[in-house]
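Engineer: Structure in structure tokens, see below.
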Amino acid sequence: MTTTALGIFIHFAFVLAVSVRVMTRRHRDPASRIAWIAVIALVPALGIIAYVLAGETNIGKKRVARMRRVIEGMPPMAPVAGAQQEQARADIPEKYQHLFNTGKSVNGFEPVGSNTGRLMHDSNAAIDAMVADIDAATEHVHLAFYIWLTDHNGTKMVEALKRAAGRGVHCRALADDLGSRSLIRSPYWQDMKKAGVEVAASLPIGNPLLRPLRGRMDLRNHRKVLVVDDRVTYCGSQNCADPEFLVKEKYAPWVDAMIRFEGPIVRQNQYLFASDWMSYANDDIDDILRREISPPGPGFPAQVIATGPTFRHSAMPEVFESLFHAARRELVITTPYYVPDTSMQIALCAAAYRGVKTTIVFPARNDSWVVGAASRSYYEGLLEAGVNIHEFQGGLLHTKSLTLDGEITLIGSANMDRRSFDLNYENNILFYDRALTAEVRTRQDQYLAQSRPVSLQAVKGWNLRKRLWNNTLATLGPLL
């Protein structure tokens, strides 16, 4: 065999091997398989390299094994009093029971009753409330952020943790190694250690040249969790940073929403934090999870829904689609990133087609030009179905919220894009409460007041270049 023939043979062998891998990889939809096969066939060398770097949702076998050992070794969720658990189910109308059943299928968390919640006024107010709760802590503070900056709000949190540790409160802080790299590599990180705060980086990158051989670098812990004394927790889209968000200041202010919760729902967020913490720190905190949950007072039913690449595939899209299908009168959504799979797009259009007043608010300017363009490729189909689309003008609308018929709310860190569906670890809370949902709904109206409606006529008037650009980027979505 000549050298040329041998080279051709090796080339086709590699292409065939990677193609077989694409076709046999579990949990990949047909559109994704077709897209990857097309790329590998058209540009084999670049396609194979791209697939190795970004073709599979792999965080590394050792990390997966450790996470599974941690989760399998954790004690069962401490039950709330049986009568109260039954009451939580009774408080959820039958027409919404299936939504909480879907949530339970993801993590095993039952909806728990007797919770209270307060929507924070804005990003600065959320950080101030967190700092106040940390300053009032008597036993422990557990905190996890995707992005934690060394700006005003970021350092306020650092100082609050140092004060708490100084008075004997056990403080544990977890930050994503990529999103919070500026803090982790700053003197503030070391200062917290010296003050007695236990710190850990989630999904550490290590050597960036070797990381792709062990797992994808861009699979991140996108969660935002704070638990204080097993009594208070927060959930929403807020990173630990100023709304001016100096790392991407040209899109500022970043507009977020956070809810402060009390009640049995706190324990579910505690459980979530513990599973992440013990996966990256040599610190067993199972004893906290074995404690009885304090007798609750009056309140509403709620449930933590957490997803990620090591959870059930398609869990987050299933949650969103269940909510879309459940709507009967009104569905209002805010999300900065919208790159749905086919079934989600169909479900959202179906809500509008059956007469549900369906509204979705996007930022007018997106910090991800790729996602921003891809999102707009879906506008025409949504508008034709009767979905009202608005683009927020007052900064980067980063809030991820969904309200359903004025009674149900989903709030948290998950976007409606393939990164949140397949690549990121996310946390959300689903709850049934008319009063708190009304607060969230009022906040959504405030966003709408700062937005401009997008008309079907305007979208149909886009020039060929813009349509081609948007649709091309949307076509690349399945490559994730």
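The values are calculated or read from the model by the stated rules, or taken from the named source; none is laboratory data. Keep in mind that this is a model prediction, so the values were computed, not measured. Using ideal geometry, Cβ is built from the backbone for each residue, glycine included, and neighbour counts are taken over all protein chains shown. For accessibility, only protein heavy atoms count, side chains too; no ligands or nucleic acids. Shrake-Rupley method; radii C 1.70, N 1.55, O 1.52, S 1.80 Å.
Engineer: Which is touching a His at 6+ places or on another chain (Cβ under 7 Å) and not hydroxyl-bearing (Ser, Thr, Tyr), of His325, His313, His398, His390?
Structural biologist: That would be His313, the only listed residue that is touching a His at 6+ places or on another chain (Cβ under 7 Å) and not hydroxyl-bearing (Ser, Thr, Tyr).
Engineer: Here's another thing I want to ask about it. Can you tell me which residue among Ile288, Ile293 is crowded, with 16+ Cβ neighbours inside 10 Å, hydrophobic (A, V, I, L, M, F, W, C), under 23 Å from Val106 (Cβ atoms) and in contact with a Lys or Arg (Cβ under 7 Å, 6 or more places away or on another chain)?
Structural biologist: Result: Ile293 is the single residue among Ile288, Ile293 that is crowded, with 16+ Cβ neighbours inside 10 Å, hydrophobic (A, V, I, L, M, F, W, C), under 23 Å from Val106 (Cβ atoms) and in contact with a Lys or Arg (Cβ under 7 Å, 6 or more places away or on another chain).
Engineer: Let me ask something else about it. Among the residues of region 271-306, which ones are closer than 24 Å to Ile59 by Cα, charged (D, E, K, R) and not in a loop (DSSP other than H, G, I, E, B)?
Structural biologist: Matches in region 271-306: Asp276 only.
Engineer: Please determine whether any residue of region 360-380 is within 23 Å of Gly117 (Cβ to Cβ), part of a strand (DSSP E or B) and open to solvent by less than 10 Å² (accessible area, probe 1.4 Å).
Structural biologist: yes
Engineer: Working carefully through the options Gly168, Gly103, Gly108, find the one that is modelled with pLDDT of 95 or more and more than 17 Å from Asp230 (Cα to Cα).
Structural biologist: Gly103
Engineer: Looking only at region 211-235, count every residue that is open to solvent by 10 Å² or more (accessible area, probe 1.4 Å), more than 14 Å from the chain's Cα centre (by Cα) and modelled with pLDDT of 75 or more and tell me the total.
Structural biologist: The total comes to 3.
Engineer: So Tyr425 passes all but one of these: (1) within 16 Å of Ile333 (Cα to Cα); (2) surrounded by 24 or more Cβ atoms within 10 Å (Cβ to Cβ); (3) not β-branched (Val, Ile, Thr). Which condition number does it fail?
Structural biologist: Of everything listed in (1) within 16 Å of Ile333 (Cα to Cα); (2) surrounded by 24 or more Cβ atoms within 10 Å (Cβ to Cβ); (3) not β-branched (Val, Ile, Thr), Tyr425 misses just condition (1).
Engineer: In this structure, is Leu423 more than 19 Å from the chain's Cα centre (by Cα), of a type in the set (A, V, I, L, M, F, W, C) and within 26 Å of Ala144 (Cβ to Cβ)?
Structural biologist: Here the answer is no, as Leu423 does not meet what is asked.
Engineer: Can you go through Asp341, Asp367 and tell me which one is modelled with pLDDT under 95, farther than 21 Å from Ser314 by Cβ and among the acidic types (Asp, Glu)?
Structural biologist: From the options Asp341, Asp367, the qualifying one is Asp367.
Engineer: Within region 250-270, can you find the residues that are assigned to a loop (DSSP other than H, G, I, E, B), modelled with pLDDT under 95 and surrounded by fewer than 24 Cβ atoms within 10 Å (Cβ to Cβ)?
Structural biologist: Ala252
Engineer: Only residues that are of a type in the set (A, V, I, L, M, F, W, C) and in contact with an Asp or Glu (Cβ under 9 Å, 6 or more places away or on another chain): list them for region 319-341, please.
Structural biologist: Those that are of a type in the set (A, V, I, L, M, F, W, C) and in contact with an Asp or Glu (Cβ under 9 Å, 6 or more places away or on another chain): Ala326, Ala327, Leu331, Val332, Val339.
Engineer: For the list (1) crowded, with 22+ Cβ neighbours inside 10 Å; (2) touching a helix residue (DSSP H, G or I) at 6+ places or on another chain (Cβ under 9 Å), I need the number of the one condition that Val440 fails.
Structural biologist: (2)
Engineer: Among the residues of region 381-400 satisfying the criterion of being under 19 Å from Gln444 (Cβ atoms) and of a type in the set (Gly, Ala, Ser), which is most open to solvent (accessible area, probe 1.4 Å)?
Structural biologist: Result: Gly386.
Engineer: OK, next. Pick out the one residue from Leu436, Leu402 that is closer than 19 Å to Leu99 by Cβ and in a helix (DSSP H, G or I).
Structural biologist: That would be Leu436, the only listed residue that is closer than 19 Å to Leu99 by Cβ and in a helix (DSSP H, G or I).
Engineer: Just one of Ala125, Ala132, Ala137 is open to solvent by less than 20 Å² (accessible area, probe 1.4 Å) and of a type outside the set (Val, Ile, Thr); which is it?
Structural biologist: Ala137
Engineer: For region 296-309: of the residues being under 14 Å from the mean Cα position of the chain (by Cα) and of a type outside the set (Ser, Thr, Tyr), which is surrounded by the fewest Cβ atoms within 10 Å (Cβ to Cβ)?
Structural biologist: Filtering first and then ranking leaves Pro309.
Engineer: While we're looking at this one, here's another question. If I filter region 451-476 down to residues being open to solvent by 100 Å² or more (accessible area, probe 1.4 Å) and basic (Lys, Arg), which single residue comes out as farthest from Ile333 (Cα to Cα)?
Structural biologist: Ranking the qualifying residues of region 451-476, first place goes to Arg465.
Engineer: Identify, please: which residue in region 310-339 is of a type in the set (Ser, Thr, Tyr) and at negative phi and is, among those, most open to solvent (accessible area, probe 1.4 Å)?
Structural biologist: This residue is Thr310.
Engineer: For region 330-359, which positions are in a loop (DSSP other than H, G, I, E, B) and within 19 Å of Gly395 (Cβ to Cβ)?
Structural biologist: Within region 330-359, Thr335, Pro336, Tyr337 meet the criteria.
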